[in-house]
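Here the structure comes first, spelled out in structure tokens, and everything after it is commentary.
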Amino acid sequence: MARRSTKTPPPDDFEERILDIDVVDEMQGSFLEYAYSVIYSRALPDARDGLKPVHRRILYQMNEMGLRPDRGYVKCARVVGEVMGKLHPHGDASIYDALVRMAQPFSMRLPLVDGHGNFGSLGNDDPPAAMRYTECRMASATSLMTESIEEDTVDFSPNYDGQEQEPAALPAAYPNLLVNGASGIAVGMATNMPPHNLGEVIAAARHLIKHPNADLDTLMRFVPGPDLPTGGRIVGLGGVRDAYEKGRGTFKIRATVAVENVTARRKGLVVTELPFTVGPEKVISKIKDLVGSKKLQGIADVKDLTDREHGLRLVIEVKNGFNPEAVLEQLYKLTPMEESFGINNVALVDGQPLTLGLKELLEVYVDHRFNVVRRRSEFRRTKRRDRLHLVEGLLTALVDIDEVIRLIRSSENSAQAKERLIERFSLSDIQTQYILDTPLRRLTKFDRIELESERDRLQDEIEKLTQILESDAELRKLVSGELAAVAKKYGTDRRTVLLESAGTTVGAVPLEVSDDPCRVLLSSTGLLARTVTGDVSFDVDAKRVKHDVIVSAVPATTRGEVGAVTSLGRLLRISVIDLPQLPETAAAPSLSGGAQLSEFLTLEDGEELICLTTLDESSPGLALGTEQGVVKRVVPDYPAHKEELEVITLKDGDRIVGAAELRTGEEDLVFITDEAQLLRYPASQVRPQGRPAGGMTGIKLGEGAKVISFAAVDPATDAMVFTVAGSHGTLDDSVATAKLTPFDQYPRKGRATGGVRCQRFLKGEDCLTRAWAVPAPVRAADAKGTPVELPEVDPRRDGSGVPLTKPVAAMAGPV
């Protein structure tokens with residue numbers, strides 16, 4: 001049977017239209033449209049708020065849903081559904097992936113979403129849970145991104161179907177693009193930007209606001225390099241400077257590793273920070289593959305001891321007979337414990353993809369912020385003018401309220417009442433309608449006083465807003481002040497250490513950096529670091545929660561060396577370039593960006609680092625004081641080929657309690673004993689001796705007495721003596737008394753004498769437990785580095801002490 005055709009024939013008036021189009025032209029046009037869509041609508045962030053469209057839509061919709069930090073969590077599926085239905089019709093997977101990343105503290109330096117549930121792990125070894133299980137809300141700092149968006153601060157455009165409006169950019173009260181970075185692959189281009197420290201970026205932005213012509217070197221004093229969420233160490237800053245100058249550059253990120261005794265018989269490498277985006281499972285897997293293929297020697301075992309309380313802790317046990325430092329160098333070379341990061345600062349500026357340097361990125365943001373604050377001020381001024389117009393109309397009516405009521409009551413209708421009021425009181429249509437809508441209960445004497453007060457307040461606010469709009473200086477001052485407030489509230493310490501070179505590990509080659517002046521600092525909690533320049537001043541009175549007292553600071557150069565004097569009379573060399581560099585914006589004198597001295601020095605059991613010294617053989621030399629009362633001035637003789645030198649030959653049982661490098665040779669040497677005796681005499685009374693010599697008698701000690709403090713003090717400067725009394729039976733600082741006395745209250749005596757009393761003991765006290773003689777103003781800290789409040793100055797040389805509020809572990813003056 002023949003099959004019937006079901007095809008509908010064309011109508012009689014159908015006219016066939018066929019267009020001949022060159023396939024090359026069609027493909028070119030279609031591809032360009034696709035490329036533009038990917039670049040502008042998906043892959044690249046906007047340089048103003050640092051967000052891609054999907055991230056911007058998520059944050060905007062969460063703000064519209066009221067998911068603020070003080071509200072409860074909601075299911076992520078609900079947020080994804082709202083965003084997909086109203087703003088982003090590209091599938092739920094892409095929206096949820098973007099939301100997850102904004103909630104990961106190891107991906108974002110300042111997370112934008114507060115997540116509740118499993119949002120994945122570092123390296124994506126444990127993927128996030130499905131959106132139906134996880135919950136979210138806006139993070140605390142996210143409100144800064146959408147703040148004042150309802151005040152006409154940014155432009156809006158229709159969404160994909162024209163039924164909703166979405167912002168072209170968020171107001172962004174901080175430079176989000178630099179703070180959180182970005183990554184994306186578009187068509188023919190890509191972006192890869194590392195995160196930075198919020199406080200440093202804002203400091204650079206504020207400097208640019210004040211000095212629009214600032215050069216890159218000046219800005220890099222505030223932003224010396226990236227600050228990654230996972231910490232680690234950036235090695236080699238040349239690529240960072242290239243990226244800040246040209247928009248492209250490469251640097252290496254190394255894991256933070258310490259050599260520790262992981263068992264009683266075996267050393268190990270303890271990894272506490274990994275490179276950005278690298279997870280522990282990836283490292284463990286690579287190490288096992290290398291050990292199995294015998295490309296890596298000396299590894300006994302690898303354990304992942306990471307937990308929520310202590311964070312990342314990856315322990316790599318090293319076999320006996322292998323050098324842990326050499327094994328570590330091989331791990332850096334062969335595993336993801338060292339990764340390269342290629343910076344490619346591509347972002348949209350006015351819809352155009354551009355490669356931007358550090359200054360250009362800051363300029364785009366600052367200009368955006370100027371525009372936001374200007375539009376916000378204009379919006380607020382208009383609102384206040386409108387309100388002032390109504391208040392003035394109501395006050396005009398209150399002056400003759402009886403006449404107003406009479407006109408209203410005698411009018412035929414509200415329209416006539418409005419016309420008669422306008423004619424009688426010369427009011428506008430809006431003012432008249434507001435008067436008619438105002439209930440009689442608002443026309444009391446008290447309400448009139450309130451209205452007059454509101455009028456004055458509105459006039460004052462309008463005047464201030466007008467000043468902002470008409471004065472560029474006021475606008476810049478306001479924007480800078482708002483940025484400072486953000487940095488104060490949300491700023492955190494730097495996590496990533498910046499190193500000029502890989503240090504002294506096997507096979508490392510220092511970078512050819514300029515030999516600039518710097519200062520090497522040692523803190524009371526054993527941190528070492530170097531400053532950017534040699535003339536950094538430290539604000540002793542700066543308010544901070546935690547700080548380290550700087551117990552030793554010496555001038556140096558970047559490619560030079562300094563010496564470290566220990567309690568056993570050894571002088572060890574330290575290469576300055578190996579020390580972590582502190583940016584000038586670090587909260588001085590905090591060494592939060594420093595490194596433990598154990599990473600640079602190997603000390604024996606019971607040996608302590610006493611002070612730092614230059615290796616300048618033209619200086620007056622070192623002054624040393626020992627527990628048994630010996631004093632020595634060391635002739636500065638430091639052979640370059642020796643890494644370890646002996647600066648004094650100690651008697652059995654003796655140890656160095658204090659050391660200082662003399663600057664002029666005119667200093668006074670100060671001994672303080674546990675019997676509360678203080679001896680002060682000029683350094684010129686001590687003859688310089690060679691390094692092997694054993695010194696000479698510095699102070700005459702009573703039977704059983706010992707020296708607890710030795711210092712060199714410039715008599716031309718103000719100085720203080722701080723002593724803490726206790727008992728030999730307890731040596732407990734919590735029940736101690738202390739005294740702070742000016743140094744000039746103690747007279748000079750001759751060398752090898754007994755000195756004078758520096759504190760009178762109270763009942764239950766029989767010795768001094770701690771003592772210092774340091775330049776003023778003085779600052780003290782406990783063993784954890786937190787500040788300790790000192791007692792009032794006591795002018796009595798031999799007076800008794802007052803109770804301490806907290807034990808003092810370290811004290812120092814200005815550096």
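Relative to the Cα centre, what is the charge dipole magnitude of the range 514-812, using +1 at the beta carbon of each Lys and Arg, -1 at the beta carbon of each Asp and Glu, and rounding to the nearest 20 debye?
740
Based on the mean of other beta carbon atoms within 10 Å per residue, what is the order of 551-559, 147-155, 674-682, 19-27, most packed first?
Per-residue mean Cβ counts within 10 Å order the peptides as 674-682, 551-559, 147-155, 19-27.
Express the Stokes-Einstein translational diffusion coefficient of the chain in µm² s⁻¹, to the nearest whole number, given a Kirkwood radius over alpha-carbon pairs, 20 °C and a viscosity of 1.002 mPa s.
66
Can you classify the range 674-754 as rounded, prolate or oblate using the Cα gyration tensor, where a ≥ b ≥ c are the square roots of its eigenvalues, rounded means a/c under 1.5, and otherwise it's prolate if a/b beats b/c and oblate if not?
Oblate shape, in that a/c is at least 1.5 and b/c is the bigger or equal ratio.
Roughly how many debye, to the nearest 20, is the charge dipole of the range 40-167 about its Cα centre, given +1 on each Lys and Arg Cβ, -1 on each Asp and Glu Cβ, and no other charges?
Result for the range 40-167 is approximately 380 debye, rounded to the nearest 20.
Taking the Cβ of each residue in Ser567, Ser471 as the centre, tally the other Cβ atoms inside 10 Å and list the residues starting with the fewest.
Ser471, Ser567
5 Å is the cut-off here: which amide hydrogens, built 1.01 Å from N in the peptide plane, fall below it relative to Val721, excluding neighbours closer than 5 in sequence?
Here the answer is Thr741, Phe743, since their amide H atoms fall under 5 Å of that of Val721.
Of Gly658, Leu609, Val554, which is farthest towards the positive pole of the range 514-812's charge dipole, taken about the Cα centre with +1 and -1 on the beta-carbons of Lys, Arg and Asp, Glu respectively?
Looking along the dipole axis, the top candidate is Gly658.
With θ set to phi - 60° and the Karplus curve 6.51 cos²θ - 1.76 cosθ + 1.60, what are the ³J(HN,Hα) couplings of the range 458-466 in order, to the nearest whole Hz, using x for Gly and Pro?
5, 4, 5, 5, 5, 5, 5, 5, 5
Taking amide hydrogens as modeled 1.01 Å from N in the peptide plane, which residues meet the under 5 Å criterion relative to Gly279, leaving out close sequence neighbours?
Gly123
Given Lys784/Lys806; Lys52/Lys252; Lys294/Lys333, which pairs have Cα atoms separated by over 20 Å?
Among Lys784/Lys806; Lys52/Lys252; Lys294/Lys333, the Cα-Cα distance tops 20 Å for Lys52/Lys252.
How far, in degrees from 0 to 90, does helix 92-103 lean away from the longest principal axis of the Cα atoms of the chain, to the nearest 10?
Between the helix axis and the principal axis of the chain, the angle is about 30 degrees.
What list of ³J(HN,Hα) values in whole Hz, one per residue of the range 744-761 in order, does the Karplus curve 6.51 cos²θ - 1.76 cosθ + 1.60 (θ = phi - 60°) give from phi, with Gly and Pro shown as x?
Result, ordered by residue: 6, 7, 9, x, 6, 10, x, 4, 6, 9, x, x, 10, 6, 10, 6, 9, 7 Hz.
For the range 151-166, take each phi angle, set θ = phi - 60°, evaluate the Karplus expression 6.51 cos²θ - 1.76 cosθ + 1.60, and give the result in whole Hz per residue in order, putting x for glycine and proline.
These are the phi-based 3J(HN,Hα) values: 9, 6, 8, 9, 7, 10, 9, x, 7, 5, 10, x, 9, 10, 10, 9 Hz.
Only loop residues by DSSP count here, and only those with at most 13 other Cβ atoms within 10 Å; note down the GluC sites (Glu not before Pro) in the range 399-491 that meet that.
Filter output for the range 399-491: Glu412.
Tell me the angle of helix 198-210 to the major Cα principal axis of the chain, expressed in degrees between 0 and 90 and rounded to the nearest ten.
Orientation of helix 198-210: about 70 degrees from the principal axis.
Restricting to DSSP H runs of at least four residues, report the calculated mean residue ellipticity at 222 nm for the chain, -39500 (n - 2.57) per run over all residues, nearest 500 deg cm²/dmol.
-9000 deg cm²/dmol
What's the center-to-center distance, using Cα atoms, between the range 179-236 and the range 752-784 in Å?
47
Please list the non-local residues whose amide H lies under 5 Å from the amide H of Ala169, H modeled 1.01 Å from N, same-chain partners needing a gap of 5 or more.
Answer set, sorted by chain and number: Asp155.
What's the exposure ranking of Phe106, Phe600, Phe156, going from fewest to most Cβ atoms within 10 Å?
If I rank by nearby Cβ atoms, fewest first, I get Phe156, Phe600, Phe106.
Separation between the Glu703 and Arg757 pseudo-spin-labels, each 7 Å from Cα along Cα→Cβ, expressed in nm?
Result: 2.1 nm between the two label points.
Of the options Ile202, Ile708, Pro787, report the single residue whose Cα projects farthest towards the positive end of the charge dipole of the chain (beta-carbon charges: Lys, Arg +1; Asp, Glu -1).
Among Ile202, Ile708, Pro787, the one farthest towards the positive end of the dipole of the chain is Ile708.
Provide the packing ranking of 711-718, 212-219, i.e. peptides ordered by the mean count of other C-beta atoms within 10 Å per residue, highest first.
711-718, 212-219
Where the only charges are on Cβ atoms (+1 Lys, Arg; -1 Asp, Glu), what is the dipole of the chain about its Cα centre, to the nearest 20 debye?
1780
What are the trypsin sites (Lys or Arg not before Pro) within the range 292-355 that DSSP puts in a loop, where the Cβ has at most 12 other Cβ atoms within 10 Å?
The qualifying sites are Lys294, Lys295, Arg308.
On a 0 to 90° scale, report how tilted helix 324-334 is relative to the longest principal axis of the chain, with both axes built from alpha carbons and the result rounded to the nearest 10.
20
In the range 106-181, what is the volume of the convex hull around the alpha carbon atoms, normalised per residue and reported in Å³?
Spread over its residues, the Cα hull of the range 106-181 gives 135 Å³ apiece.
Quick one: net charge around Thr272, please, counting Lys, Arg +1 and Asp, Glu -1 for every other residue with C-beta under 13 Å from its C-beta.
-1
State whether the range 256-336 is rounded, prolate or oblate according to the following rule on the C-alpha gyration tensor (a ≥ b ≥ c being the square roots of its eigenvalues): a/c under 1.5 gives rounded; otherwise a/b larger than b/c gives prolate, and the remaining case gives oblate.
Oblate.
Can you tell me the alpha carbon radius of gyration of the range 51-171 divided by the globular rule-of-thumb value 2.2 N^0.38 Å?
Dividing the Cα radius of gyration by 2.2 N^0.38 Å gives 1.01.
List the lysines whose alpha-carbon lies under 20 Å from that of Lys477, not counting same-chain residues fewer than 8 positions away?
Lys210, Lys359, Lys464, Lys488, Lys489
Throughout, read-outs are computed from the coordinates displayed, never taken from laboratory work. Everything numeric here is computed off the predicted structure, so don't read it as measured data. Ideal geometry is used to build each Cβ from the backbone, glycine not excepted, and the neighbour counts take in all protein chains shown.
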